[in-house]
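Colleague: One structure is given below, represented as structure tokens, and several questions about it will come after.
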């Protein structure tokens, strides 16, 4: 059996199990999507949002990319953010990284990685902002993991800089922003940063005509 055919068989088994346990399972999902959460996570296959949070389909709206970035020129991310905030009215946005992230690790080197260089440059900027703290850490793994935490914090800040989030803060007093880091070693999520709706940010980033 080819590997992708196994996925199709597993899908059929999963669907049958769901209907056996709850005959109305899929009919409810077809007509309902009211998630409270937008999850911005890493594309790493070991960090599936639903599984590590114990949530069901329909409970978390998900966007994933390399190293869980919020880049102000990324139309994919901004489209997801706009829909989640303006249409789904999510109450919380979670940026979740994970310790040992290969994207962050690659960004801390000087290797030429081709087209991915353009994406990793956003992470290199985080290192530049926090160079003194990061470079003072002697142990390599600890240095990487602190960079991962700082990267998550900066991406939460990047969310707060968007007109999408600021408009929602002004008119709806939501969503609240959360920065988390998942530990592959024990499966535990570590909260590292929070921004309640309406949190003050540097005035240069604030929009006054929302």
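The values are calculated or read from the model by the stated rules, or taken from the named source; none is laboratory data. As the structure is a prediction and not an experimental result, all values here were calculated from the model. Every residue, glycine among them, receives a Cβ derived from its backbone with ideal geometry; neighbour counts consider all protein chains shown.
Colleague: Examine segment 138-152 for a residue that is part of a helix (DSSP H, G or I), under 26 Å from residue 92 (Cα atoms), in contact (Cβ under 8 Å) with a residue 60 or more places away in the chain and touching a helix residue (DSSP H, G or I) at 6+ places or on another chain (Cβ under 6 Å), and state whether such a residue exists. Quick ask: steps written out before the conclusion?
Modeller: Within segment 138-152, the first condition is being part of a helix (DSSP H, G or I), and the residues that meet it are 140-152.
Those still in the list that are under 26 Å from residue 92 (Cα atoms) too: 145-152.
Then drop every residue that is not in contact (Cβ under 8 Å) with a residue 60 or more places away in the chain, which leaves 151-152.
Subset that is touching a helix residue (DSSP H, G or I) at 6+ places or on another chain (Cβ under 6 Å): 151.
Scanning segment 138-152 turns up at least one residue that is part of a helix (DSSP H, G or I), under 26 Å from residue 92 (Cα atoms), in contact (Cβ under 8 Å) with a residue 60 or more places away in the chain and touching a helix residue (DSSP H, G or I) at 6+ places or on another chain (Cβ under 6 Å).
Colleague: For segment 191-205, how many residues meet the condition of being over 14 Å from the mean Cα position of the chain (by Cα) and touching a residue at least 24 places away in the same chain (Cβ under 8 Å)?
Modeller: Here is the first cut: in segment 191-205, the ones over 14 Å from the mean Cα position of the chain (by Cα) are 195-205.
Add one more test, that the residue is touching a residue at least 24 places away in the same chain (Cβ under 8 Å), and what stays is 195, 197-199, 201, 205.
Count: 6.
Colleague: Something else about it: With the requirement that a residue be surrounded by 11 or more Cβ atoms within 10 Å (Cβ to Cβ) and under 27 Å from residue 181 (Cβ atoms), what does segment 19-45 give you?
Modeller: Of everything in segment 19-45, those that are surrounded by 11 or more Cβ atoms within 10 Å (Cβ to Cβ) and under 27 Å from residue 181 (Cβ atoms) turn out to be 35, 36, 37, 38, 39, 40, 41, 42, 43, 44.
Colleague: Can you tell me which of 70, 90, 80 is farther than 26 Å from residue 102 by Cβ and surrounded by 16 or more Cβ atoms within 10 Å (Cβ to Cβ)?
Modeller: Details: 70 fails: farther than 26 Å from residue 102 by Cβ; 80 fails: farther than 26 Å from residue 102 by Cβ.
Matching residue, one of 70, 90, 80: 90.
Colleague: What do you reckon, is residue 34 over 25 Å from residue 161 (Cβ atoms), touching a helix residue (DSSP H, G or I) at 6+ places or on another chain (Cβ under 8 Å) and outside any helix (DSSP H, G or I)? Talk me through it step by step, then tell me what you get.
Modeller: Values: over 25 Å from residue 161 (Cβ atoms): yes; touching a helix residue (DSSP H, G or I) at 6+ places or on another chain (Cβ under 8 Å): no; outside any helix (DSSP H, G or I): yes.
For residue 34, the condition - over 25 Å from residue 161 (Cβ atoms), touching a helix residue (DSSP H, G or I) at 6+ places or on another chain (Cβ under 8 Å) and outside any helix (DSSP H, G or I) - is not met.
Colleague: Among the residues of segment 82-93, is any touching a strand residue (DSSP E or B) at 6+ places or on another chain (Cβ under 7 Å) and part of a helix (DSSP H, G or I)?
Modeller: Yes, there is a match, as at least one residue in segment 82-93 is touching a strand residue (DSSP E or B) at 6+ places or on another chain (Cβ under 7 Å) and part of a helix (DSSP H, G or I).
Colleague: Are any residues in segment 96-123 assigned to a loop (DSSP other than H, G, I, E, B) and under 18 Å from the mean Cα position of the chain (by Cα), and if so, which ones? Reasoning before the result, please.
Modeller: As a first pass, look at segment 96-123 and keep what is assigned to a loop (DSSP other than H, G, I, E, B): 99-101, 108-115.
Correct list: 99, 100, 101.
Colleague: Determine which member of the set 126, 181 is outside any helix (DSSP H, G or I) and crowded, with 19+ Cβ neighbours inside 10 Å.
Modeller: Values: 126 fails: outside any helix (DSSP H, G or I).
Matching residue, one of 126, 181: 181.
This table checks each residue for (1) farther than 30 Å from residue 190 by Cα; (2) at pLDDT 95 or above.
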site	(1), (2)
18	yes, no
36	no, yes
41	no, yes
53	no, yes
58	no, no
70	no, yes
78	no, yes
84	no, yes
90	no, yes
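A quick yes/no check of all residues on (1) more than 15 Å from the chain's Cα centre (by Cα); (2) within 16 Å of residue 93 (Cβ to Cβ); (3) in the same structural domain as residue 89 (by TED's automatic domain parsing):
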position: 13; (1), (2), (3): yes, no, no
position: 26; (1), (2), (3): yes, no, no
position: 44; (1), (2), (3): no, no, yes
position: 53; (1), (2), (3): no, yes, yes
position: 61; (1), (2), (3): no, yes, yes
